[in-house]
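Read through the structure below, which is laid out as structure tokens, and then see the notes.
The values are calculated or read from the model by the stated rules, or taken from the named source; none is laboratory data. A quick note: this is a predicted structure, and the numbers were derived from the prediction, not measured. When we count neighbours, we look across all protein chains shown, and the Cβ atoms used for this are built from the backbone with ideal geometry, even at glycine. Ligands, DNA and RNA are excluded from the accessible area calculation, which covers all protein heavy atoms including side chains. Shrake-Rupley method; radii C 1.70, N 1.55, O 1.52, S 1.80 Å.
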Amino acid sequence: MSQLGFRSGLMVPAYPALDDAQDVEDIITDEAGLRPPHGTAPRVSMVVEDGAFVAQGAPVACHSTQTDICFVAPMPGRVARTELLSGHRLSEIVLFREGGGDTITHDTADAQTEAGLRRLMQRAGFWPRIGRRPFGGMPNAAERPAAIFILAADTRPHAPDPRRALEGHKDAFRRGCRALSRLTDGPVLLCQAPGPALADTDDAPRLQVVITGPRHPQASAGLLVHAEYPAGIATPVWDVNAEDVAALGDLLHTGALTQTRLVHVGGSALKTGRMVRTQIGADLRALTFRHVRPGPHKLWSGSSLDGHAARWLAPRHRQVTAFTPEASDGAPHWLVAALTRSARPKPMIPTAALDQAFAGRLPAAVFLRALSAGDDETALKMGVLSLLEEDVALADYVLGAEAHLAVLLRGMLERIKTEFAA
């Protein structure tokens with residue numbers, strides 16, 4: 001068992017005037033949007049046409065070249081519309097819920113073999129729930145990771161406690177851990193908050209428990225990967241949320257993949273916070289209806305740090321944020337803007353807070369200098385391949401978002417992918 005330093009990280013400010021949501025409401029929204037992981041647009045082949053009725057868990061689209069990877073309906077309903085980008089790249093598939101639908105079940109007889117387990121996970125729609133590093137997105141169908149991280153801790157502001165999501169599903173979680181251990185020859189690292197271990201080596205061979213602290217970003221997936229098992233071009237690393245691991249365990253037991261998850265709905269534009277169990281791709285407007293304060297507001301899928309404006313709950317998100325747009329006095333006169341603002345971005349001043357924004361795992365000043373200068377070689381030596389945009393979100397917050405580190409990081413990762421991984 002390893003333990004990361006508890007003194008690193010920051011206590012991120014909480015939303016004003018929100019109480020902690022204690023009761024969990026079961027809400028299945030009447031509309032849902034099926035989207036790929038944020039920032040990706042895989043080429044797909046449609047399995048059904050607009051207007052077709054589909055059962056819960058039925059494939060709606062499949063990857064065009066890796067045909068076992070399916071995107072499935074999160075609820076029984078009718079396909080309302082399909083939006084594809086150029087090259088048949090998936091943008092979104094909107095479904096309307098209809099009652100009386102069935103739930104698709106899969107044959108799990110071959111799941112004891114690695115090949116059978118992979119096919120089951122891909123055809124049941126589990127594959128898009130897996131994150132990979134480097135570069136992000138979901139793994140290729142045949143990819144074998146060097147290590148797998150199970151995320152049973154989340155330090156983002158107002159994130160739901162993964163332990164709470166696992167209540168009543170401990171056996172399924174252990175079953176999922178055992179299954180994931182068959183997909184790698186490396187370690188399976190269970191990252192959790194202090195307390196009783198959620199699983200041990202009796203549940204999964206080569207399982208290691210990593211204890212994280214309470215401050216953000218101590219449970220950030222990229223920084224955990226960087227600290228415990230850095231990702232490389234030839235050594236990809238996967239990360240999976242603990243609740244999804246339990247869903248995998250249920251899939252192996254019942255043949256049906258759970259399509260709901262525990263989600264916290266919060267933000268300064270809400271009257272009170274809510275804890276809901278809802279489907280993947282849920283309609284954010286329905287989750288906040290009658291709970292927002294009067295006036296304009298914005299809805300994000302994800303946390304206030306690393307979320308994005310959206311209509312639907314993203315495949316890997318467990319938070320919805322509603323906030324009031326900041327008041328604006330309008331754009332200043334062009335001459336005033338020219339005199340008061342340099343054309344160059346503001347300098348990044350190394351501070352203790354900036355170091356803590358990387359949980360003390362990276363020398364912030366050197367890393368940000370390499371990122372700003374586009375020094376790919378230095379960044380590679382420092383472990384940039386373990387990071388994604390969500391891992392630098394707190395540093396952007398500390399810097400007032402002037403440096404747009406997430407944009408710089410994505411640009412660097414795309415260059416490295418083109419130059420070194422092609």
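Once fully extended, how much extra length lies between Glu83 and Ser64, figured as 0.36 nm per residue of separation less the alpha-carbon to alpha-carbon distance?
Gain in length upon complete extension: 5.3 nm.
Could you pull the accessible area for Leu84 with a 1.4 Å probe, rounded to 10 Å²?
Per-residue accessible area (Leu84): approximately 70 Å².
Once neighbouring chains are kept in place and the probe is 1.4 Å, which whole percent of the accessible area of the stretch 226-266 is contributed by carbon and sulfur? Could the numbers behind the result be given before it?
On the way: 560 of 1050 Å².
Carbon and sulfur atoms account for 53 percent of the accessible area of the stretch 226-266.
Over the chain, give the accessible area per residue in Å² for a 1.4 Å probe, as an integer.
45
Which distance in nm do the two modelled labels at Ala55 and Arg144 give, with both placed 7 Å along the Cα-to-Cβ direction?
Each label point lies 7 Å from its Cα, and together they span 3.4 nm.
Find how many whole Å separate the alpha carbon centroid of the stretch 244-305 from the alpha carbon centroid of the stretch 189-210.
Spelled out, the Cα-based centre of one part sits 27 Å from the other.
In Å and from the alpha-carbon atoms only, list the Rg and Dmax of the chain.
21.4, 71
Assign unit charges at the C-beta atoms only (+1 for Lys and Arg, -1 for Asp and Glu), then state the dipole size of the chain relative to its Cα centre in Debye, rounded to the nearest 20.
Rounded to the nearest 20 debye, it is 500 debye.
Could you report the accessible area of His253 in Å², rounded to 10, computed with a 1.4 Å probe on the protein chains as they sit in the structure?
Its heavy atoms expose roughly 130 Å² to the probe.
Which length gain, in nm to one decimal place, applies between Thr378 and Glu414 when the Cα-Cα distance is subtracted from 0.36 nm times their residue separation?
Length difference between fully extended and current span is 11.4 nm.
For Asp375, what is the net charge nearby, where nearby means another residue's Cβ is under 15 Å from its Cβ and Lys, Arg count +1, Asp, Glu -1? Write down the numbers at each step before the final one.
Details: positive: Arg369, Lys381, Arg415; negative: Asp376, Glu377, Glu419.
Value of the local net charge: 0.
When DSSP assigns beta bridges and you keep just the ones with both residues in the chain, what percent turn out antiparallel, to the nearest 5?
Approximately 60 percent, going by the DSSP bridge assignments.
Stretched out fully, how many nm does the piece from Val407 to Phe289 gain, at 0.36 nm a residue minus the Cα gap? Don't skip to the end; give the middle numbers.
Details: separation 118, 0.36 × 118 = 42.48 nm, distance 3.22 nm.
This chain segment gains 39.3 nm when fully extended.
Quantify, in whole percent, the carbon and sulfur part of the accessible surface of the stretch 268-330 (1.4 Å probe; protein heavy atoms only).
Carbon and sulfur: 52 percent of the exposed surface of the stretch 268-330.
How much accessible surface does His169 have with a 1.4 Å probe, in Å² rounded to 10?
Estimated to the nearest 10 Å², His169 gives 70 Å².
How much of the DSSP beta bridge set in the stretch 113-264 is antiparallel, as a percent to the nearest 5?
15
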